[in-house]
Amino acid sequence: MNPCTADETRASTPQSNVVSPAPGPSNTACLDPTENDTDIIDDEPCCVCGFHQPIEMKRNKNIIFAKWAQCDGMRGGWPCLHWVHLSYCCPTVNVKNGDKFYCPHCVDFEE
């Protein structure tokens, strides 16, 4: 087959309209727009230091993500629900999914 005629043949045949994906973040398909984010409270400070960011992190010029944990303790018959910076404001470094975590205010009550 002559290479010149092959190019002409390809050019004369109609191509299917290929739709390429639009540019954007790759994780948008994972997000559910109907999901309610009311359970995420980002205005409550740490119950130990009283800040949203530990003082040690404010002094650091690098980007560091603070790990938080919510207390599973009960105080006066009600859930405590205090938030604590892990490894900065308590001795706990990691809390695995399903593990119980108690803030310094509730540790004495649970023992």
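Scanning segment 91-106 for residues that are β-branched (Val, Ile, Thr) and either exposed (fewer than 14 other Cβ atoms within 10 Å of the Cβ) or free of Cβ contacts under 8 Å to residues at least 24 places away in the same chain (or both) gives THR92, VAL93. Residues that are of a type in the set (A, V, I, L, M, F, W, C) and assigned to a helix (DSSP H, G or I) within segment 45-61 comprise ILE55, MET57, listed in sequence order.
Among the residues of segment 62-90, the ones that are touching a residue at least 12 places away in the same chain (Cβ under 8 Å) and either part of a loop (DSSP other than H, G, I, E, B) or over 13 Å from HIS52 (Cβ atoms) (or both) come to 16 in all.
No lab work stands behind these numbers, since they all come straight from the coordinates. Please read these numbers as outputs of a predicted model, since none were measured by experiment. All Cβ positions, even for glycine, are placed from backbone atoms using ideal geometry, and neighbour counts span all protein chains on display.
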